[in-house]
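To keep things clear, I will list the structure first and then write my remarks on it.
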Amino acid sequence: MDASETYFYEPAAGHGLPHSPFNSIVAPRPIGWISSQDRAGKLNLAPFSFFNAFNYTPPIIGFASNGQKDSLHNAEATGEFCWNLADEDLFEAMNETSAMVPPEVDEFSLAGVSPAASTVVSVPHVAEAKTVFECRTSQVIPLVTADGAETVTHVVFGEVVGVHIHRSLLRDGVYQTSHARPMLRGGGPSTYFTIRSENIRNLPRPA
């Protein structure tokens, strides 16, 4: 690539653009719609844009909490949380739970969704979600810079100990990602993407 055609910046010095391109480049990202509860049973429901899967066996997922948020405290204190699929039908509800509200506000009620009892963990999940992971917290890791300085972010990892899948999303026993219509976080302050079956491209791995 010709250097004259490249925009370069060092993050520590600022990007010099109207909006940081970092989140736009690492995109789209699955949404970590996390339900949790504190020791007293107070429910919390919040979306995280830094979320993904990290291990096959046992299955482990993780989300990054930028700051000391209730989801982080609850997952660490109780050792449990749930991930809930935010699909197109639940898009607006998921967005409602991103509001900065006092701890006493019940985000389930705020978003108009219902808590449902989980099977393995004590934390309820979103009843309307067509796919749910019940998780036990396995690690909470503070992120540090290359120089070892602490950041404000902690990554919460959880082992998936229970999986709920709506039968409509299984075809011949295979989970249909495009049919699930997951909402995915993109760049910009309010940009999201979704998956369509017409965009599927199968690419077998080399032998």
P(r) over all Cα-Cα pairs of region 30-192, 10 Å bins from 0 to the longest distance, whole percent per bin, short to long, reads 10, 40, 37, 11, 1, 0
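Packing-wise, with mean Cβ within 10 Å as the measure, how do 96-107, 75-86, 126-137 rank, highest first?
On the way: 96-107: 12.4, 75-86: 23.1, 126-137: 21.2.
The packing order, highest mean first, is 75-86, 126-137, 96-107.
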Cβ crowding within 10 Å averaged over residues, with 30-36, 117-123 ranked highest first: 30-36, 117-123
Highest average packing first - 13-26, 155-168, Cβ atoms within 10 Å: 155-168, 13-26
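Laboratory data are not the source of any read-out in this text; all were calculated from the coordinates shown. Every value quoted in this text rests on a predicted model; they were computed, and no experiment measured them. No Cβ is skipped: glycine too gets one built from the backbone with ideal geometry, and neighbour counts run over all protein chains shown.
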